[in-house]
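Enquirer: Got a structure for you, written out below as structure tokens; questions coming shortly.
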Amino acid sequence: MLIERLKRAGVRFEAGMTTRELDAAEEFFGFRFPGEIREYLSRAVPVGRDFFDYRDHSTENKRRFVDFQAGMEKSFRFDLEHNRDDLLELLGEKLGFAQDGPGFDEAVIGYWRESPRLIPFFAHRRFFDGMDDMPIISFWQPVDTVVYGINLEDYLEAEFLGKTECAELPEDLLKGTGIWKDLIW
């Protein structure tokens, strides 16, 4: 079983979350766990400094979650200032900008706001809010957004078990992810 292999690799776990705990976390933080992550967390909860603690319903942890969401907008604004050409190449045509011009910044931020949110999991690895059977995304900033596993199992093997061969990303897997399908490489 994957969890046993992760334990042998040094990942620490607590007992899995109950249905009530999972529901409470979704309500408290305002998102929906994808089915496979919900099932994984019901079996065992990885713990440690870089894992997001969904059981912690303190004001401080809620602020950490909210700050992550706000930090994403700051990352987009940083890239609009410092990596504008890259964003223009990735998003310009999609947003109707053949070249840089007034309104590009607002169009990018608007497209991001309309897209599914990324939810923290481990360090800067994220999952899509409420979208089942989706990749785990590494998000540091918009122009450095990559797939870190085509699903939860693939991600866990790559992150913690030394898997180096990436599974091929199905072409239509990112359909419905808004801005992310245009940024992810």
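The values are calculated or read from the model by the stated rules, or taken from the named source; none is laboratory data. As the structure is a prediction and not an experimental result, all values here were calculated from the model. Here the Cβ is made from the backbone with ideal geometry for all residues, glycine too, and neighbour counts use every protein chain on show. Just the protein is used for accessible areas: all its heavy atoms, side chains included, with ligands, DNA and RNA removed. Shrake-Rupley method; radii C 1.70, N 1.55, O 1.52, S 1.80 Å.
Enquirer: Could you list, in their original order, any pairs among Lys74/Lys181; Lys62/Lys163; Lys94/Lys163 whose Cα atoms are separated by more than 27 Å?
Expert: Too far apart for the 27 Å limit: Lys62/Lys163; Lys94/Lys163.
Enquirer: Okay, next question. Check which residues have an amide H placed less than 5 Å from Phe13's amide H, if you skip close sequence neighbours.
Expert: Answer set, sorted by chain and number: Val47.
Enquirer: Where is the GNM fluctuation largest for the chain (alpha-carbon springs, 10 angstrom cutoff): Glu14, Glu106, Glu168?
Expert: Glu168
Enquirer: In whole percent, what relative contact order does the chain give with Cα contacts below 8 Å and a gap of six or more residues?
Expert: Worked out over the chain, it gives 21 percent.
Enquirer: Ok, one more. Need one number for region 114-185: average projected area of the convex hull over its C-alpha atoms, nm².
Expert: On the way: hull surface 18.4 nm².
Value for region 114-185: 4.6 nm².
Enquirer: Give me the Kirkwood hydrodynamic radius of region 63-171 in Å, from all C-alpha pairs, to one decimal place?
Expert: One over the average 1/r among Cα pairs gives 15.2 Å for region 63-171.
Enquirer: Okay, moving on. Determine the calculated [θ] at 222 nm for the chain from helices alone, applying -39500 (n - 2.57) to every DSSP H run no shorter than 4 residues and normalising by the residue count; nearest 500 deg cm²/dmol.
Expert: Helix-only estimate at 222 nm: -13500 deg cm²/dmol.
Enquirer: Express in whole angstrom the spacing between the alpha-carbon centres of region 122-150 and region 94-119.
Expert: A separation of 19 Å, based on Cα centres.
Enquirer: A further question on this structure: In the Gaussian network model of the chain, springs joining C-alpha atoms below 10 Å, which of Glu171, Glu153, Glu39 carries the largest mean-square fluctuation?
Expert: The residue with the greatest mean-square fluctuation here is Glu171.
Enquirer: With the crude spin-label approximation of a point 7 Å out along Cα→Cβ, what separation in nm comes out for Arg12 versus Glu60?
Expert: Here the answer is 1.6 nm between the modelled labels.
Enquirer: Report the FRET efficiency, 1/(1 + (r/R0)^6), for Ile109 and Glu4, where r is their Cβ-Cβ distance and R0 is 41 Å, rounded to 0.05.
Expert: The computed FRET efficiency comes out at 0.40.
Enquirer: List residues of region 115-159, by number, whose backbone nitrogen lies under 16 Å from a label position 7 Å along Cα→C-beta of Ala167.
Expert: 127-128, 132-138, 147-159
Enquirer: Post the alpha-carbon centroid distance, region 3-41 to region 60-86, in whole angstrom.
Expert: Result: 25 Å between the Cα centres.
Enquirer: Express the accessible area of region 32-81 per residue in Å², computed with a 1.4 Å probe while the remaining protein chains stay in the model.
Expert: Value for region 32-81: 53 Å² per residue.
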